[in-house]
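Worksheet: the structure to be examined is printed underneath.
The values are calculated or read from the model by the stated rules, or taken from the named source; none is laboratory data. Given the structure is predicted, the values throughout are model-derived calculations rather than measurements. Every residue, glycine as well, gets a Cβ built from its backbone with ideal geometry; the counts of neighbours run over all protein chains shown.
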Ligand code: C5P
């Protein structure tokens, strides 16, 4: 069984404060883009895993293996699985690659092990594994609140070419959360309505749709700020860092400009382009 595990970008990320459980309350829009890892699941007696990247740990810390273990435990499954992962999504880059892989394992094993679990049950299990993982059960686009696990899915057609650039920098999510000194006051500023209503009018997005990690991450890693500036100076009508970085995306109206700018980053940077109105679900499996 082969599956695609798509990457997400965060189109806006607002952080409201630290909770008693150590997580932070946030608001974000997750949106899947045309960049994916490839997973192959085969029946096996035990739980085993291989990956084509030495950057992926194949031990107990791996989210794919933890997802399989959780399903085995919760549903008294005796079968195992062999998981093969082809990694295309940059790691620790704000793109949810590991989270998407884990969600695909939950979806895949639900079929392979004939568990017949409903999506809301899979989302609950996903939330036990990580804050970003429930989103990838249904994918597409969603407004997320809580620690990222409370989801409202909606249609968002992005009428631009999305250029994604990942500088050769790893940013720790835990460090990024701890580096925020001033949280936003209150909630419900309605920024996500500005995003959906004014997607055709990017000037409005620039002031309304922000990422609260940018100031501290840009200070610690100036090359990420320079990446955003380069996208803006090359014709992006809107640009933002995704998650806690290091990836930055830009919306381009002109495909030639989009194709040109990706050639201008150093070879150690990972770049990709997503077509206008892309919808990941169509090709998910
Ligand atoms: O949930 P997940 O394991 O992906 O989170 C990784 C780390 O990111 C957490 O240990 C926590 O430090 C931080 N985090 C947070 N608030 C969130 C999500 C993650 O503080 N909403």
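Computed quantities for the displayed model
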quantity	calculated
From the options 158, 133, 162, residue that is under 19 Å from residue 88 (Cβ atoms) and either modelled with pLDDT under 95 or more than 16 Å from the ligand (Cβ to nearest atom) (or both)	162
Residue in region 185-205 that is assigned to a helix (DSSP H, G or I) and under 25 Å from residue 92 (Cα atoms) present	no
Unique residue being outside any helix (DSSP H, G or I), over 23 Å from residue 59 (Cα atoms) and out of contact with any strand residue (DSSP E or B) (no Cβ under 9 Å at 6 or more places or on another chain) when the list is 151, 117	117
Selected residue (only one of 190, 245 is exposed (fewer than 13 other Cβ atoms within 10 Å of the Cβ) and on the phi > 0 side of the Ramachandran plot)	190
Qualifying position, being in contact with a strand residue (DSSP E or B) (Cβ under 9 Å, 6 or more places away or on another chain) and in contact (Cβ under 8 Å) with a residue 12 or more places away in the chain, among 229, 214, 223	214
In region 1-23, the residues that are at positive phi and without any contact (Cβ under 8 Å) to a residue 40 or more places away in the chain	22
Subset of region 248-285 (residues that are modelled with pLDDT under 95 and crowded, with 21+ Cβ neighbours inside 10 Å)	280
Test set (1) in contact with a helix residue (DSSP H, G or I) (Cβ under 8 Å, 6 or more places away or on another chain); (2) within 25 Å of residue 279 (Cβ to Cβ); (3) crowded, with 22+ Cβ neighbours inside 10 Å - residue 123 fails condition number	(3)
